[in-house]
């Protein structure tokens, strides 16, 4: 008769180890799961996403627009590239979109509403600026999207997807809200992916999280 | 194995299965949200092109999602034709290529061209797939054709049928005389930049 290769106490120790491993595994999964929920993939029309911990917005460069109005809007001059921290604003809204994305196409009129609403409010006009990043889009494709939907704020191509990757974007459209501080630091306070279907709700959520002071009257 | 050990193992197994199942549901939920099947990175090209610019475009007749059939030669002398073969419905790159063309109608109109979208999927699949590309009540402005039966027959005639039965991601520009003027059998994993097609269309008028 063969004897068991391990004494009983070794078996019990092994089982304890397995139980501990499973608990650690489940605990880790729970953390990953809740992180996923809080980080994004919430429609902008649904209730506010929970406030995030202070996250820095990666600083990326974009080509200075040649259009005079856009230059003036962003408060930049000259040619070549500039950093997002050079944009003359307290809060920057970034829409990461694609000309090919049906959700971005459907969102376009509401994004225009958002822009017009901000531009129409004297307390927000100079404090919030918007830009769009066309992930995987060529300059031609970004222009087509801009012209098709009459988008007024500056759009930039991100043909190789490097900016979107830096921003942590995995789907379009993604809307990011960030504070651009005078000392050149940034703070991302809003990050959500999904179709935008109500500019007023979106703006309200964004303002609540932004820390911007608002006037009662528009 | 003692009864205690057996119960403990059973419990561990159940917990593990619950954990794995939760993971699946989580992934499925994400897929259902977007309805797109992840295909991963594929061999960029898996067919041998038999046609070249200057050749006559092989004629074909295929059923259209909107009903009826479309025959290539019906556009002879009337319209330039762009054929967009995409590999399969409900897959990542394909699912956003035609929505892009859907907002680029002006590009085709100004070059007196019609776009024909073709996949090897059947009509019901194409109906559901293309419907979600548009706003409710709207549809794609160009005909979508099914090369389902005989399976991939047209893709095969154009030399763009892959060994697994789907087509390449390919563009053919055919002039009003039925002559192929431009071919782009693109890396299946990437979307062809629109400006390249625009340039090819503009050359038709030169």
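Rule-based calculations on the coordinates, nothing more; no lab input. All of these numbers come straight from a predicted model, not from anything done at the bench. Quick reminder, even Gly has a Cβ in these numbers, built from the backbone with ideal geometry, and neighbours come from all protein chains shown.
Quick notes on this structure:
- Across peptide B:94-102, the average count of Cβ atoms from other chains found within 10 Å of a residue's Cβ is 4.
- Antiparallel DSSP beta bridges within the stretch A:54-174, percent to nearest 5: 25 percent
- Among A:69, B:98, a tally of other beta-carbon atoms within 10 Å of each Cβ gives an order, fewest to most, of A:69, B:98.
- If R0 is 60 Å, the Cβ-Cβ spacing of residue A:127 and residue B:66 corresponds to a FRET efficiency of close to 0.75.
- The distance separating the Cα centre of the stretch B:133-188 from that of the stretch A:75-153 comes to 34 Å.
- Cα gyration tensor shape of the stretch A:168-218, rounded if a/c is under 1.5, else prolate or oblate by comparing a/b with b/c: oblate
- Placing dummy labels 7 Å off each Cα toward the beta-carbon, the span from residue B:204 to residue A:119 is 3.6 nm.
- Exercise: per-residue mean of other protein chain Cβ atoms within 10 Å, A:98-108: 5
- Rel. contact order, % - alpha carbon contacts under 8 angstrom, at least six apart, the stretch A:131-218: 21 percent
- The mean count of C-beta atoms from other chains within 10 Å of the C-beta of residues in A:141-152, rounded to a whole number, is 2.
- Relative contact order of the stretch B:107-206, defined on C-alpha pairs under 8 angstrom at six or more residues apart (%): 23 percent
- From least to most packed, judged by other beta carbons within 10 angstrom and beginning with the fewest, B:148, B:172 follow the order B:148, B:172.
- Prolate/oblate/rounded label for the stretch A:65-189 (Cα gyration tensor, a/c 1.5): rounded
- Rounded FRET efficiency, nearest 0.05, which uses the C-beta distance separating residue A:198 from residue A:170 and R0 of 25 Å: 0.60
- Rounded, prolate or oblate (a/c below 1.5 giving rounded, otherwise prolate when a/b exceeds b/c) for the stretch A:125-209 by Cα gyration tensor: prolate
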